[in-house]
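Structure first, then comments.
The values are calculated or read from the model by the stated rules, or taken from the named source; none is laboratory data. Quick caveat, the model's predicted, so the values are computed rather than measured. Neighbour counts are summed over all protein chains in view; Cβ atoms, including those assigned to glycine, are modelled from backbone coordinates with ideal geometry.
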Ligand code: CA
């Protein structure tokens, strides 16, 4: 996977390039907006807003004019962040400096997952043990009996079911099921998990991974 890093601050860029390469990403690093606009971004753009020549906002808009490549905005201006503007520009996510490297790679993975979900034909039916999720009709059956779920409960279960056995972080779940920029209480997630468990009548189906998130149990057929 190829990442275009647009960052004029060498002290930030160098460790990023090194860290990302160690994770197996190909990285092209440019320091100015003009260089960025000359590049042909492939899989992901990490874009600093405060560039020496052109505002990062302009660069994002220019890239978006010709490409759907995912863009993560990186900015030091936390107080100036206007998520509506960022989304208008076509940015998919943003990080406020200083940020941890693990936070960055988690965001990259979550974003790439969403992009591939969008791109791939969604698997229409998922069967995990006694659980059957039908994307076409948005229905769920357990042991053959249909379970009546709210739209959000369905989305949540379908997301967990998309990767049974995988531990999904709270953040990842909130971003994917609710909103890319979820700002509300994370209690919402627990409330929905509780009600899903109640409706499924099987507490062992959705497992809590303490301090991380949730996991749909891998069930034998
Ligand atoms: Ca900068």
### Message
Quick check on residue 36: is it within 15 Å of the ligand (Cβ to nearest atom), outside any strand (DSSP E or B), under 21 Å from residue 68 (Cβ atoms) and touching a residue at least 12 places away in the same chain (Cβ under 8 Å)?
### Response
yes
### Summary
For residue 66, the lone unmet condition from (1) modelled with pLDDT of 85 or more; (2) surrounded by fewer than 14 Cβ atoms within 10 Å (Cβ to Cβ) is (1)
### Task
Hey, could you check region 42-61 for residues that are modelled with pLDDT of 90 or more and either away from the ligand (no atom under 16 Å from the Cβ) or not assigned by TED's automatic domain parsing to the domain that holds residue 103 (or both) and say which is surrounded by the most Cβ atoms within 10 Å (Cβ to Cβ)?
44
### Summary
Condition set under 23 Å from residue 116 (Cβ atoms) and surrounded by fewer than 18 Cβ atoms within 10 Å (Cβ to Cβ), scope region 28-41, selection modelled with the highest pLDDT: answer is 28
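Consider region 197-212. How many of its residues are outside any loop (DSSP other than H, G, I, E, B) and either outside the structural domain of residue 160 (by TED's automatic domain parsing) or over 18 Å from residue 172 (Cα atoms) (or both)? Reasoning before the result, please.
Filtering region 197-212 for residues outside any loop (DSSP other than H, G, I, E, B) gives 197-200, 206-209.
Then drop every residue that is not either outside the structural domain of residue 160 (by TED's automatic domain parsing) or over 18 Å from residue 172 (Cα atoms) (or both), which leaves 197-200.
Number of matching residues: 4.
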### Task
For region 88-104, indicate whether the set of residues that are assigned by TED's automatic domain parsing to the domain that holds residue 177 and either modelled with pLDDT under 70 or over 24 Å from residue 202 (Cα atoms) (or both) is non-empty.
no
### Message
Of everything in region 145-166, what is closer than 21 Å to residue 208 by Cα and loosely packed, with under 12 Cβ neighbours inside 10 Å? Give them in sequence order.
### Response
165
### Query
For region 8-27, does any single residue satisfy the condition of being closer than 20 Å to residue 94 by Cβ, modelled with pLDDT of 90 or more, out of contact with any helix residue (DSSP H, G or I) (no Cβ under 9 Å at 6 or more places or on another chain) and away from the ligand (no atom under 11 Å from the Cβ)?
yes
### Task
Taking only region 113-127 into account, find how many residues are out of contact with any strand residue (DSSP E or B) (no Cβ under 7 Å at 6 or more places or on another chain) and at pLDDT 80 or above.
2
